[in-house]
Amino acid sequence: MLATLVPFFDKNMKVCAYSLFSQKENYLLNPELQGSAVLDGSGRVAGLEIIQNVGIDTLSPDSKVFLPVGPVNVFTDIEEQSASMKDRLVLLCDNSIANTEAYQNRLKQLKDSGYELAIMKLPVSDFEHYKEILSLMDYIILDCKRVEVNKAKIYFSHLYPNIRICVGNIENQEMFDHVKDDEAFYLFEGNFYRIPVTKGETVIEPLKVNYLELMNIVNDADYELTKAADIIGRDTALVLSLLEMVNRIAVNSEVTSIRHAAAILGQKELKKWINTVITKELCADRPNEIARVSLLRAKFAECLAPAFGLALKASELFLMGLFSVLDIILNVPLAEALKKVNVSRDIAEALLNHKGELADVYDFLLAYESADWQEVCRILIVKDITIDTVYKAYTEAVCWYKDMFF
């Protein structure tokens, strides 16, 4: 299975919700499955395990998750499968669910159980036909490429004043600027936005300077472990985090100094730990979504390394994913940001120019993150990688993220 969480944001570009996108098979390899895809996962809501694995509390605080349900699995035991996260889920229907009495009654039952409901992919020609189902909805997602949203808002505000209108498939910043200040629209989604755009200070604070100095040291080909340990000693939070890490891997170890703790980890693991933890610290004054994207990209890239024939480059792929949003974290151009942390030429080439042997993994991450399943499936065919391999790597990444920081 392919599954990812795509963010929805408000007019200030703050992440407020996610929509789960999933696909069970590679339809480029098996196009005949598209006709029967509605029956996939009939006993379970597809992709729900991803939310359970990552832990809904690891997402942006109080954010909702739009969870697609189909004409078959809407009748399954959704209440039992998702009881612990009911208040954060919005069950997302589309026009594959017919406006019949059976579906109306089931949706009423789910709504009475405490779930919010949403609908998408509803053609304008079906608005009147779906009035009974629309009356049950809390949200409607309108594809701004297929629906004239300014006309649709008049229709919905008049007939369904309690429904929240979300504008999807926003292609560029200009289109977003055109609709964002209209009070009729609640949330937004689009390919131009996959990580939050934030505005902050351009001067790097003293503590961040220490962090960047430390990252600069450990990203040298053969850095001095003792020098890194001395810089760690300047920050209490880093010292405590280092000791926690050492205790995980060396039970009952009697650490006598910060240098001793660093030596227990060793040069390779200390480098990985420093880059991971400091990236999270650098994101402390940024939306949680940036840290989530950065860390998930890092681990996902590392887990994909063997599948792309780059097992020996796993550590570099980890850093590539980690630093892929460094421009947003530091609020400087990416080329300048990468110079501050002394990354390898291969990482810089992949992130800046989409070139080099690491670029294939980076391009795959971006397609996967955007739920561009056609491009994802194309790459899988070219690289002879199975969907199960990718799903295992993604699941391992989200579980690592949850275990590491929550």
Cα-based Rg and Dmax for the chain, where Dmax is the largest Cα-Cα distance (Å): 23.1, 73
Can you give me the long-range amide H partners of Tyr18? Hydrogens built in the peptide plane at 1.01 Å from N, cutoff under 5 Å, separation of 5 or more residues or another chain. Phe8, Lys64, Val65, Phe66
Extension gain Leu366-Gln52, at 0.36 nm per residue separation less the Cα-Cα distance, in nm? 110.8 nm
1/(1 + (r/R0)^6) with r = Cβ-Cβ of Asp182 and Glu224, R0 = 51 Å, i.e. FRET efficiency to nearest 0.05, evaluates to 0.35
Among Asn247, Asn331, Asn26, determine the one that fluctuates most according to a GNM of the chain built with springs between C-alpha atoms less than 10 Å apart. Asn247
Determine the percent antiparallel among the DSSP beta bridges restricted to the chain, to the nearest 5. 30
Among Phe185, Phe318, Phe300, determine the one that fluctuates most according to a GNM of the chain built with springs between C-alpha atoms less than 10 Å apart. Phe185
With each run of n ≥ 4 DSSP H residues scored as -39500 (n - 2.57), what mean residue ellipticity at 222 nm is computed for the chain after dividing by its residue count and rounding to the nearest 500 deg cm²/dmol? -14000 deg cm²/dmol
Entries of Lys131/Lys392; Lys271/Lys355; Lys108/Lys299 with Cα pairs more than 30 Å apart: Lys131/Lys392; Lys108/Lys299
Expressed in nanometres to one decimal, the distance between label points 7 Å along Cα→Cβ at Cys399 and Asn105 is 4.1
Using +1 on the beta carbon of Lys and Arg, -1 on that of Asp and Glu, and nothing else charged, what's the dipole of the stretch 2-188 about the Cα centre, debye to 20? 100
Once phi is turned into θ = phi - 60°, what whole-Hz ³J(HN,Hα) does the Karplus curve with 6.51, -1.76 and 1.60 give for every residue of the stretch 297-305, x standing for Gly and Pro? 4, 4, 6, 4, 4, 4, 5, 7, 3
How much length is gained if the chain between Ser157 and Asn12 is pulled fully straight, taking 0.36 nm per residue apart and subtracting their Cα-Cα distance, in nm to one decimal? 49.9 nm
So if I place +1 on the C-beta of Lys and Arg and -1 on the C-beta of Asp and Glu, and nothing else carries charge, what would the dipole magnitude of the chain be about its Cα centre? I want it in debye, nearest 20. 300
Using a basic spin-label model with each label point 7 Å from the Cα along Cα→Cβ, how many nm lie between His260 and Glu336? 4.4
Tell me whether the stretch 44-178 comes out rounded, prolate or oblate; compute the Cα gyration tensor, take square roots of the eigenvalues as a ≥ b ≥ c, and use a/c under 1.5 as the rounded threshold. oblate
What ratio of Cα Rg to 2.2 N^0.38 Å holds for the stretch 128-195? 1.11
I want to check the label-to-label distance for Glu357 and Ala311. Put each point 7 Å from Cα in the C-beta direction and report it in nm to one decimal. 1.4
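Taken together, the values in this text are just the output of simple stated rules run on the coordinates, not laboratory data. Treat the numbers as computed from the prediction; the structure is a model and nothing was measured. All Cβ positions, glycine included, derive from the backbone under ideal geometry; neighbour counts span all protein chains shown.
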